[in-house]
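The block underneath contains the structure these notes are about, expressed in C-alpha cells.
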Protein chains: 2
Amino acid sequence: MRATVVGGGVIGLACAWELLRRGAQVTVHDPDPGRSAGLVAAGMLAPTAEANYGEEALRALMLESMRRWPAFAAELEAASGMRVGYRTEGSLLVALTDDDHAEVLRLVDYYRRAGTPIEPLTGRQLRELEPMLSPRVRGGAFAPGDHQVDPRLVLRALRSLPIRFESTSIDDLSTVRDDVTIVANGVGAARLTGLPVRPVKGQLLRLRGAEPLVRHVIRGVALGRHVYLVPRADGELVVGATEEERGADTTVTAGGVLDLLRPAADLLPGVVELTLAETLAGLRPGTPDNAPLLGPLPVPHRVDHAVVVPDKPGHSGSVVAPQPHDQRDGGRGRRVLVATGHYRNGVLLAPVTARVIADLATTGATDVDVAAFAATRFT
Amino acid sequence: MRATVVGGGVIGLACAWELLRRGAQVTVHDPDPGRSAGLVAAGMLAPTAEANYGEEALRALMLESMRRWPAFAAELEAASGMRVGYRTEGSLLVALTDDDHAEVLRLVDYYRRAGTPIEPLTGRQLRELEPMLSPRVRGGAFAPGDHQVDPRLVLRALRSLPIRFESTSIDDLSTVRDDVTIVANGVGAARLTGLPVRPVKGQLLRLRGAEPLVRHVIRGVALGRHVYLVPRADGELVVGATEEERGADTTVTAGGVLDLLRPAADLLPGVVELTLAETLAGLRPGTPDNAPLLGPLPVPHRVDHAVVVPDKPGHSGSVVAPQPHDQRDGGRGRRVLVATGHYRNGVLLAPVTARVIADLATTGATDVDVAAFAATRFT
C-alpha cells in the first residue's frame, strides 16, 4: 500500500510510522515542519487534567492513548536510537491563593471521581517536595499518574525514521494518487477539507539556568492565571502555554509573555533569574467541541472550499454535508482519512491516533471506539 | 595628528568624528561593535530627569551637552546623509498609583528648582494627550524640554563616516603608536586601565504594532517600578530599561522582561497586543559616583592590571595612584585620554564628550569645566 500523509507534525509522523510498520510505503508532505503545533507543546501526558469535565468519550480516548505511551516511547526509541524523554514521576498541582486553591480542589475532586490517583498537599508539603516554590503557595496536590515526554525529541526521533519526506505542499486532495491519504496537517486541514478546524494560538517560553529549579512538572494557578512549568534534565524550564483565539497569528506578544512569566514568577520566584532562551508561538487545531476528528473524510468536504448553503432565510448559512458519505472517493478506490483537531492533546493522543488511522487505512475498521470523533459530526 | 580610539560605541565614535573634523587621522578599534551600550539605550535626552538630586556638576555637563545636541544631530545628518531621529516634542511623566504620583511630584519639584519647564497634569489631562493610557493612571506631568534621538540611527550614521575601523582589540595601551589614544570602550576600560568602571546591566525590549500606541515618550512609574516607553515612527515601541548590578552578564532574563512588561502593561494596557520583536541586554559603564571619567589617564593606570596595594593591615587593599600624574607618557609624547563611565547618559553626553576630548587631544586644554570628572578622583 502507498500512503500519503499531509502534515509532518507529531500526529502525521505517528500515523506515518504506524503505516510503515504495517508495510506501507509512506510519503509525508510538509512544506514547513517548523510550524508543528508539537513544537509549542510541553509534552505533559495527563489525561485527567486535560479533559474538560463531562467529556467522557474524549477522556476514554486519552486514557487509551496514555496506556499506549510507554510502549510507543520504548518502540520509538528502539526504532530511532534516540531518546524521547519519557518520564513518569508525576506532576504537582500548585495554587497560590485561596481562590486558586479552590480551583485545584475542584480538579482533585474530579480526579477522584475519575478513579485517577491524586493526593492533596498543603503548601508546606509542596515546599518539602519542591523547596523553591514560593512561601505564598497555599496548597495543591500530587498527581502520581501524570507522565511527560519531550515533544521536540519525539519529533526528532520520528523524523529520523525511514519515511519519505516531501517539502511540497498538497493543496488539492484529488491530485494525490496513493491508495490512502491521511490529512494530518493540523489547522491547515480547514483549507484543505473545509472541516471546521480553527487555530488556537499557544505561546510558550523556554528558560535556562545552571541547574533545575524544580524536579516535578508543576501545573500552577496563580491569581486565576494558569501556567505549567516543565523541567528538562539539561536545566531548561518550559513555561506554557497561552490559549488564544486570534486566527492564524503566530507572533509572540508582550501580553503572551507576561501572562506566562507572571504566574511562573508568583509560584516559583527563582524563575526571574533564569535566561529567557526562547519565545515561540504555534497554532493548535481546535474543533467546535475541541475533540479530534478521526476517520474518513466526509464526501462534500472533498473540495478545496466548503459547500456553504443557506440554512434558513435570515440565517447566515452553514457548512453542510447533505448526503450520507462513504470513505471511498467516487469509486476511484482511494481513501482519505482525517487525523486533526487534537487541540492541546496531540502529543498525548498520538499513539492511539496512529493506531486508529493505520487500522482504518489497512482494513477499513478499528476496534478503538472512535464514533464520537467522526468527522461527520459537524456536517 | 594620528589618533586611536578604543571602542566603537556612541562615545568613541562621537570623539572620532570630532577629531576627524579637526583634521586628525582616526582609527577606531572595536572587536565587537554589537556590544555597544548605546544599542540598549532608548535615546531620551532629558538632562533634568536623569541627574541624581544634588549632582550639580553632572547636571551642568548634561545641560551643556543638551544644548549641543541640535547642532550635533544636524551636522551628523549632513555629514552622513542619514537621519538620526532627533525629536523635540517633550515627554510625559506618568504615575499609576498615589505612591507613584508622590514620586513624580518630587521630580516635578526638582525640575522647578532647576528652572526646567515642567507642567503637572491630572490623569484625565494625560489621557486627553494620550488616550491609550490606562484609566487607572493617577497623574503626572509634561516635560516639554525633553528630547529624544534614536541611538541605533546615531550609531549607523557615525559608522558611515570616513573613519578607519579595525576589528582588532587593544589589550595593552603601550602598543599604540599614535599621538593620542582615546579609551572609550565603556566597561572594557576597567581591564585596559584599571580604572573603577563597573558594568551596570540594562535589559530592553522592542515591541511592534501596526500603529503607534502613543505619540510621546512616556517615563512611567507603576507600583514603584520604573519604565520608559519610547515610540518610534515605524510603530516600534522601545521599553526600557532595567538597572542591574550583576557583573558582565548580558543574558536576557525572565525577571528583566517581567520587570519591563509589568509596568508597561499597567500604564499602557495596549502593549499586551504588541509583538515582542526583540529582547536585548547590554552593559553600561558605571563609576563609583556614576559620573563619567573625562580627561588624561592617570599614570599608574597605564598598565594592564591595576596596582593594588594593601591599605592598612586587615583591609583588603585598594587601587591607588600614589604620585601626581601627567597626561604625557614618560616623555614618549603620546597622550592617553579617557572617555568612559557615562553610565545611563552616554547618548546625552556624546556631543560634549566629543568636544572635551578633541580639545584635550589637540590643545591639551578645554573651556568646558570637567574638573569634577577627572579620572584622578578615584586614585
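The values are calculated or read from the model by the stated rules, or taken from the named source; none is laboratory data. Because the structure is a prediction, the values reported are computed rather than measured. As a convention, Cβ positions derive from the backbone with ideal geometry for all residues, glycine included, and neighbour counts pool all protein chains shown. Side chains included, ligands, DNA and RNA excluded: accessible areas come from the protein's heavy atoms. Shrake-Rupley method; radii C 1.70, N 1.55, O 1.52, S 1.80 Å.
When you go through B:269, B:288 one by one, which is the residue that is of a type outside the set (D, E, K, R), surrounded by fewer than 19 Cβ atoms within 10 Å (Cβ to Cβ) and facing another protein chain (nearest Cβ under 10 Å)?
Being of a type outside the set (D, E, K, R), surrounded by fewer than 19 Cβ atoms within 10 Å (Cβ to Cβ) and facing another protein chain (nearest Cβ under 10 Å) holds for just one of B:269, B:288, which is B:269.
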Which condition from (1) within 20 Å of the chain's Cα centre (by Cα); (2) under 14 Å from residue A:218 (Cα atoms) is the one that residue A:157 breaks?
(2)
Can residue B:138 be described as open to solvent by 10 Å² or more (accessible area, probe 1.4 Å), among the charged types (D, E, K, R) and touching a strand residue (DSSP E or B) at 6+ places or on another chain (Cβ under 8 Å)?
yes
Yes or no: the stretch B:211-223 includes at least one residue that is within 24 Å of residue A:268 (Cβ to Cβ), in contact with a helix residue (DSSP H, G or I) (Cβ under 7 Å, 6 or more places away or on another chain) and within 11 Å of another protein chain (Cβ to nearest Cβ).
no
Filter the stretch A:22-45 down to the residues that are closer than 24 Å to residue A:70 by Cα and free of Cβ contacts under 8 Å to residues at least 24 places away in the same chain and list them by number.
A:23
As an exercise: evaluate residue B:206 against (1) within 27 Å of residue B:293 (Cβ to Cβ); (2) in contact (Cβ under 8 Å) with a residue 60 or more places away in the chain; (3) out of contact with any Cys (no Cβ under 8 Å at 6 or more places or on another chain) and give the number of the one condition it does not meet.
(1)
Could you go through the stretch A:246-257 and let me know if any residue there is touching a residue at least 12 places away in the same chain (Cβ under 8 Å) and more than 13 Å from chain B (Cβ to nearest Cβ).
yes
Subset tally (residues that are assigned to a loop (DSSP other than H, G, I, E, B) and over 20 Å from the mean Cα position of the chain (by Cα)) for the stretch A:160-195
15
Of all residues in the stretch B:272-285 being aliphatic (A, V, I, L, M) and within 14 Å of chain A (Cβ to nearest Cβ), the one that is nearest to residue B:200 (Cα to Cα)
B:281
Among (1) at pLDDT below 95; (2) open to solvent by 20 Å² or more (accessible area, probe 1.4 Å); (3) not in a strand (DSSP E or B), there is one condition residue A:280 misses while meeting the rest; what is its number?
(3)
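Does at least one position in the stretch B:159-171 carry a residue that is more than 17 Å from residue B:90 (Cα to Cα) and either buried (at least 23 other Cβ atoms within 10 Å of the Cβ) or in contact with a Lys or Arg (Cβ under 7 Å, 6 or more places away or on another chain) (or both)?
First pass over the stretch B:159-171, keeping only residues more than 17 Å from residue B:90 (Cα to Cα): B:159-171.
From what is left, the residues that are either buried (at least 23 other Cβ atoms within 10 Å of the Cβ) or in contact with a Lys or Arg (Cβ under 7 Å, 6 or more places away or on another chain) (or both) are none.
No, the stretch B:159-171 has no match at all.
Per-residue answers, yes or no, for (1) within 30 Å of residue B:103 (Cβ to Cβ); (2) open to solvent by 20 Å² or more (accessible area, probe 1.4 Å):
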| position | (1), (2) |
| --- | --- |
| B:187 | yes, yes |
| B:195 | no, no |
| B:199 | yes, yes |
| B:203 | yes, no |
| B:212 | yes, yes |
| B:219 | yes, yes |
Test each condition in (1) of a type outside the set (Gly, Ala, Ser); (2) closer than 24 Å to residue A:13 by Cβ; (3) assigned to a loop (DSSP other than H, G, I, E, B); (4) open to solvent by less than 60 Å² (accessible area, probe 1.4 Å) for residue A:116 and report the one that comes out false.
(2)
Scan the stretch B:334-347 and give yes if some residue there is under 30 Å from residue B:132 (Cα atoms), modelled with pLDDT of 95 or more and not in a loop (DSSP other than H, G, I, E, B), otherwise no.
yes
Limited to the stretch A:343-365, what total is found for residues that are over 17 Å from residue A:17 (Cα atoms) and open to solvent by less than 50 Å² (accessible area, probe 1.4 Å)?
3
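Being touching a strand residue (DSSP E or B) at 6+ places or on another chain (Cβ under 7 Å), loosely packed, with under 15 Cβ neighbours inside 10 Å, at pLDDT below 95 and not acidic (Asp, Glu) is the requirement here; does residue B:247 meet it? Walk me through how you get there before you give the answer.
Working: touching a strand residue (DSSP E or B) at 6+ places or on another chain (Cβ under 7 Å): yes; loosely packed, with under 15 Cβ neighbours inside 10 Å: yes; at pLDDT below 95: yes; not acidic (Asp, Glu): yes.
Taking the combined requirement at face value, the residue satisfies it.
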Condition test on residue B:89, is it open to solvent by 30 Å² or more (accessible area, probe 1.4 Å) and part of a helix (DSSP H, G or I)?
no
Answer yes or no as to whether residue A:97 is surrounded by 14 or more Cβ atoms within 10 Å (Cβ to Cβ) and not acidic (Asp, Glu).
yes
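Output the residue which, of all residues in the stretch A:142-159 that are part of a strand (DSSP E or B) and of a type in the set (A, V, I, L, M, F, W, C), is nearest to residue A:122 (Cα to Cα). Steps first, answer last, please.
Restricting attention to the stretch A:142-159, the residues satisfying the condition of being part of a strand (DSSP E or B) are A:142-143, A:147-148.
Of the ones still in play, those that are also of a type in the set (A, V, I, L, M, F, W, C) are A:142-143.
Working: A:142: 10, A:143: 14 Å.
My answer is A:142.
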